[in-house]
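The values are calculated or read from the model by the stated rules, or taken from the named source; none is laboratory data. All of these numbers come straight from a predicted model, not from anything done at the bench. Positions of Cβ are backbone-derived with ideal geometry, glycine not excepted, and every protein chain shown enters the neighbour counts.
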Amino acid sequence: MVASTLVKGSSRQPLPSTAGMEETSNPLAGTVYETETLRGVRCVRLSVLTDETTSPERQREADDIAAAALGIDFGEGDQLREAVDLDVSASEFGPFDRPELGGWLARPDDFDALVWWRFDRAIRSMAHMHELAKWAKEHRKMLVFAEGIGGGRLVFDFRNPMDPMSELMMLMLAFAAQVESQSIKDRVLGAMAAIRKMPLRWRGSRPPYGYMPALMPAEHGGVGWTLVPDPDAVKVIERIVRELLEGKTVSAIAVGLNADGIPSPRDHWAAKKGRKTGGKTGGVKGLVKDAFLWTPAVITRMLRNATLLGWKMHKGNPVRDSEGNPIMATSQPIMTREEFDRIGAVLDERSIENGDRKDTEALLLRVIHCDACGGRMYLNKQESKQQPTYKCNPYSRGFRCQKSANIRGDWADKFVTAEFLRLIGSVQTTHVVTIPGYDPEPELRATLAEFEEHQEQRGRQKSKHAARAWQERADALDTRIADLESREKTEPQRIVTPTGRTFADEWAEKDTAGRRTMLVEAGVRLDVRRGTPGGWRKLDTRRVTFTMSGELDPAAEALAGEASALESEARGDSPTKGASVCLVESATVAEPVRELVAA
């Protein structure tokens, strides 16, 4: 059945007589003439899931009323035609980029009309509206807004390709929507800038990991929100710091957190808000993950973030008051400055070496070196019938080695193990607790860098107000630098407690990675020279040089001195002045270690 009405804007006009035209083969059906029932798609969009004033139910109700008045049917049950995009911003995502609406737009033959509650549910920019109007004109579709300007219904019928008015009106309204969107954005940015300067006041959105929003206490004014420590996240941070100070690498810590199913910072906040974990990644386009994992970069970035000190941060820099002091976002910071600097120092020490590697079986990684070039040697796994060997690989470092060395891996491992335990196997291990001191130097360097970056903008201000704001920040940074320069450095204290266990005991219980850590911390180094003909049957000890430097040197020397004295006493003579005798074997070495040394 062909109706006798023409839709143009929101008005209806009588059509010329259709006498002589067959109802079932009307060449203009689906263009100018409105069929009795149009197949419509009900469109629902929310920028924020918790927004009650624009709830999906309210939008559906308005869409249904408009559709009933215009003879538009959305279907029902499994045949329901509806595009629901929740937590999707119209400013950031155009109609074609939204998950559900974009899918419908890709199937234009499945419907005749799109119905929204209001204009801002569809678009917020002229560019997006131009794309949508062009698409509707090309595919001859009707666009309906249940509540337009002033509350009246807006109907844009693009089924008549000869009528340009619908497209013109849409572009005009899109311009108004874009101006409104920019105005809202400016107001929000202004409000956020003002809140950033308010001590303890939190502006909203996702908080830094380790904190959660809470109502401002009455003693601090009782207005707005502030941040307080998040007990669940703080436990994770404490675990990370404890394992880091115990010698674990950042990579190993990340592996442990993922193995225990502890949510990463991004997923932690999603779980707190009752949302799905995972989402789109910032790397491969279109890649969506079910969950985000802990990585060394995530842990390092979190531990180096000054939000742990309770500071407000903006674009990577602290927000400062007129005196140059960092503005606090919370009255209960997770870390003190001393603790924060100590962790930073540990990360700095490992930034190049990157600590242990769990993905390798090489005991002597970072221990064994080529004597000719001084470069590290790496374990090279051979075919199944051959033993792995440590090899010098100078080409990977960009130079040539004149006498590149290699050595069987098991020979080198046994030799270093025997020498290490021979020297300090019976030495008692200790537990060291460090009481942090205070060093203003790290914050001083960071503030000075911030000041120098700010100085680069000198003279670029075109207005007096901008120049005054620039000068105020420069003065504040200068004041803070002067304050930090006046502070004295306090040295940390170390409390050393004997454990009652020996290095041989610890060695027997640890895995390859743990033993490698013991060697590295003791400053063990094995230099290997190129082999001689016929040296393939056993290790020629003339090829290798074992050295150990660091805090264990005095203990090793004292142990060697005792052994020398005992040996001299047994012989009934005294050692030659200036001579030193190496301890051959400790009487307290555990049985498995003694067997290894004997082998």
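Going by the conditions given, is Glu521 at pLDDT below 90 and among the acidic types (Asp, Glu)? Here the answer is yes, as Glu521 does meet what is asked. Scanning region 285-341 for residues that are over 25 Å from Leu448 (Cβ atoms), more than 15 Å from the chain's Cα centre (by Cα) and buried (at least 17 other Cβ atoms within 10 Å of the Cβ) gives Thr330, Ile334.
Can you say whether Thr430 is touching a Pro at 6+ places or on another chain (Cβ under 9 Å) and among the polar types (S, T, N, Q), as far as the supplied structure shows? Yes, satisfied. Hey, could you check region 219-246 for residues that are part of a helix (DSSP H, G or I) and among the charged types (D, E, K, R) and say which is nearest to Ser331 (Cα to Cα)? So, considering only residues that are part of a helix (DSSP H, G or I) and among the charged types (D, E, K, R), the one nearest to Ser331 (Cα to Cα) is Glu219.
Could you look through region 291-313, keep only residues that are charged (D, E, K, R) and either touching an Asp or Glu at 6+ places or on another chain (Cβ under 8 Å) or in contact (Cβ under 8 Å) with a residue 12 or more places away in the chain (or both), and pick out the one that is nearest to Gly344 (Cα to Cα)? I'd like the intermediate steps shown before the answer.
Quick first cut of region 291-313, residues charged (D, E, K, R) only: 301, 304, 312.
Subset that is either touching an Asp or Glu at 6+ places or on another chain (Cβ under 8 Å) or in contact (Cβ under 8 Å) with a residue 12 or more places away in the chain (or both): 304, 312.
On the way: Arg304: 6, Lys312: 19 Å.
Ranking the candidates gives Arg304 first.
Ile481 falls short on exactly one of the conditions (1) modelled with pLDDT under 85; (2) closer than 22 Å to Phe340 by Cα; (3) part of a helix (DSSP H, G or I), and that condition is (1). Assess whether Gln402 counts as being in contact with a helix residue (DSSP H, G or I) (Cβ under 9 Å, 6 or more places away or on another chain), in a loop (DSSP other than H, G, I, E, B) and not small (Gly, Ala, Ser). Here the answer is no, as Gln402 does not meet what is asked. One residue stands out among those in region 461-489 that are within 20 Å of Tyr438 (Cα to Cα) and free of Cβ contacts under 8 Å to residues at least 60 places away in the same chain: the one that is surrounded by the most Cβ atoms within 10 Å (Cβ to Cβ), which is Leu484.
Sort through Glu383, Glu349 and tell me the only one that's under 20 Å from Val520 (Cα atoms), surrounded by fewer than 20 Cβ atoms within 10 Å (Cβ to Cβ) and modelled with pLDDT under 85.
Every option except Glu349 fails the conditions.
The residue of region 386-430 that is modelled with the highest pLDDT, among those that are over 19 Å from Glu509 (Cβ atoms) and aromatic (Phe, Trp, Tyr), is Phe415. The residues listed here are Ala513, Ala466; of these, the one that is more than 31 Å from the chain's Cα centre (by Cα) and part of a helix (DSSP H, G or I) is Ala466. If you check Thr5, Thr24, Thr31, Thr53 for being at pLDDT below 60 and in a helix (DSSP H, G or I), only one passes: Thr24.
Taking the listed residues Gln455, Gln471, Gln461, Gln493, the one that is among the polar types (S, T, N, Q) and under 20 Å from Met313 (Cα atoms) is Gln455, with no other qualifying. Checking each residue in region 192-227 for being of a type in the set (Gly, Ala, Ser) and either at pLDDT 85 or above or more than 14 Å from Ile327 (Cβ to Cβ) (or both) picks out Gly204, Ser205, Gly210, Ala214, Ala218, Gly221, Gly222, Gly224.
Is there a residue being closer than 30 Å to Gly221 by Cβ and at pLDDT 90 or above anywhere in region 283-303?
Yes, the conditions are met somewhere in region 283-303.
For the structure I just gave you, tell me whether Asp356 is of a type outside the set (Ser, Thr, Tyr), over 30 Å from Tyr211 (Cβ atoms) and at pLDDT below 70. Answer is yes for this residue.
Restricting attention to region 408-467, the residues being of a type in the set (A, V, I, L, M, F, W, C) and within 30 Å of Ile481 (Cα to Cα) number 8. Taking the criterion of being surrounded by fewer than 16 Cβ atoms within 10 Å (Cβ to Cβ) and over 17 Å from Val298 (Cα atoms), the residues of region 243-263 that qualify are Leu245, Glu246.
Residues of region 66-113 that are surrounded by 14 or more Cβ atoms within 10 Å (Cβ to Cβ), part of a helix (DSSP H, G or I) and not acidic (Asp, Glu): Ala66, Ala67, Leu70, Pro95, Phe96, Leu101, Gly102, Trp104, Leu105, Pro108. If we scan region 96-108, do we find a residue that is in contact with a Ser or Thr (Cβ under 9 Å, 6 or more places away or on another chain) and either modelled with pLDDT under 85 or within 24 Å of Ala69 (Cβ to Cβ) (or both)? Within region 96-108, none of the residues are in contact with a Ser or Thr (Cβ under 9 Å, 6 or more places away or on another chain) and either modelled with pLDDT under 85 or within 24 Å of Ala69 (Cβ to Cβ) (or both).
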